[in-house]
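Everything on this sheet refers to the single structure shown next.
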Amino acid sequence: MCPPVPPPCPPSDSFDSSDDAGEKTAVLHGDQETLKKELQRAKEQEACLIIIRGTPQGHRFFLAQDEMTMGRDPSADITLADQSISRKHAKITKQNGRAVLTDLGSSNGTHVNDKRIKPGETVLLEKEDMIRIGNSILKFLPAGELEILFYGNLGSAAHQDPLTKIYNKGYLQEALEAEFKRAKALHTDFSLLFFDLDHFKKVNDNFGHAAGDYVLMEFANLVRSNFVRPKDIFARYGGEEFVLLLANTNAQAATVVAEKIRSAIQTFAFIFENKRIPVTTSLGVAEIRADIESAQTLLKAADKALYAAKNSGRNRVVLAS
């Protein structure tokens, strides 16, 4: 299940507010600095559950709240698309800094390390405990475990873009549907960024396809390392197009993130074989609204805003009307 060592995600639900793009990206090429960042991030990570078997495999649920419900209902804090799971199946609460699991009278029961717990019974979770609910299995990792970063929110090669090592289009579509339904059910903010590298064909034509691959990898690494929170979904949509799903984020905050990404890309030194490659990106931003009835409609709204950005000169951010 576990893929090659993946990129780290920022530990906090807050975006980096620094405007010094050079300072933020300088460590990407230094192995020692990257390791230090990973160790620090690991110390600050919340405890989490990782889907070992089920959909979406490899996804991490951070236990950031004092009480979180688990079930297939979209209103559950941890929603699992598994018909063998009750709508409100179990809950996890924090007691003296430890995670405690309780079954909520589920139809098929809750198992910890293959031992079924009784309805209402509480179990103190330990590192690497396996929780089975329905046909899904989740692994528990306490706060601060370095292994949380190694999973990197990427479950398997089937969900991973082989070049950039971020999510692929198939996983994106699956996650988008789930996150859209969740936001609708809970009436929470949810935004989407759709972005494209400007004049990317010229990069391949002028510098070669190897240079083009380098740009795509560095671009993904830059965005992933500086702007993607643990609960966000960052994926390659196809070619030089990427999508970032921003949970609990309204249009205004999403636009700020988009502008920071645009600025960071414009100022970052993409250097391949001692040649600097000019790279910019255009971004479209869309947020969930009452008149948007499907995930695909939201995606199309962001895509339309992206093309408006490209048609108005590129290297800019446009918010969907």
Checklist entry - Taking only C-alpha pairs under 8 Å that are 6+ residues apart, what is the relative contact order of the range 62-181 in percent? => result 14
Checklist entry - Around ALA143, which amide H atoms from residues at least 5 apart in sequence, or from another chain, sit under 5 Å from its own amide H, with H modelled in the peptide plane? => result ALA47
Checklist entry - With each label point set 7 Å from Cα along the Cα-Cβ vector, what nm distance links SER75 and GLU259? => result 3.7
Item to check | Table column - 3J(HN,Hα) (Hz), the range 79-91, Karplus curve with 6.51, -1.76, 1.60, x for Gly and Pro | outcome: 9, 10, 7, 9, 5, 7, 9, 5, 4, 10, 8, 7, 9
Item to check | the range 229-284, accessible surface, carbon-and-sulfur percent (1.4 angstrom probe) | outcome: 47
Checklist entry - What full-extension length gain, to one decimal in nm, is calculated for ALA185 and GLN296 as 0.36 nm per residue of separation minus the Cα-Cα distance? => result 38.3 nm
Next on the checklist: Run through the range 108-143 and list the trypsin sites (Lys or Arg not before Pro) located in a DSSP loop whose Cβ has at most 12 other Cβ atoms within 10 Å.
Outcome noted: LYS127
Next on the checklist: How many angstrom lie between the Cα centre of the range 95-130 and the Cα centre of the range 272-321?
Outcome noted: 43
Next on the checklist: Show me the GluC sites (Glu not before Pro) within the range 175-281 that DSSP assigns to loop and that have at most 16 other Cβ atoms within 10 Å of their Cβ.
Outcome noted: GLU273
Checklist outcome for this item: Here the gain from full extension of GLN83 to LYS127, 0.36 nm per residue of separation minus their alpha-carbon distance, amounts to 13.1 nm
Checklist entry - Roughly how much of VAL256 is accessible, in Å² to the nearest 10, using a 1.4 Å probe? => result 70
Checklist entry - Hey, what's the range 184-321 come to in accessible area per residue, 1.4 Å probe, Å²? => result 42
Next on the checklist: If I model a spin label at THR280 and ASN108 as a point 7 Å from the Cα along the Cα→Cβ vector, what separation in nanometres do I get?
Outcome noted: 5.2
Checklist entry - When the chain is fully extended, how far beyond the present Cα-Cα distance does LYS201 get from ALA247, taking 0.36 nm per residue of separation? => result 13.4 nm
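The values are calculated or read from the model by the stated rules, or taken from the named source; none is laboratory data. Just so you know, these numbers come straight off a predicted model, no measurement behind them. Here the Cβ is made from the backbone with ideal geometry for all residues, glycine too, and neighbour counts use every protein chain on show. These area figures cover heavy atoms from the full protein model, side chains too; ligands, DNA and RNA do not enter into them. Shrake-Rupley method; radii C 1.70, N 1.55, O 1.52, S 1.80 Å.
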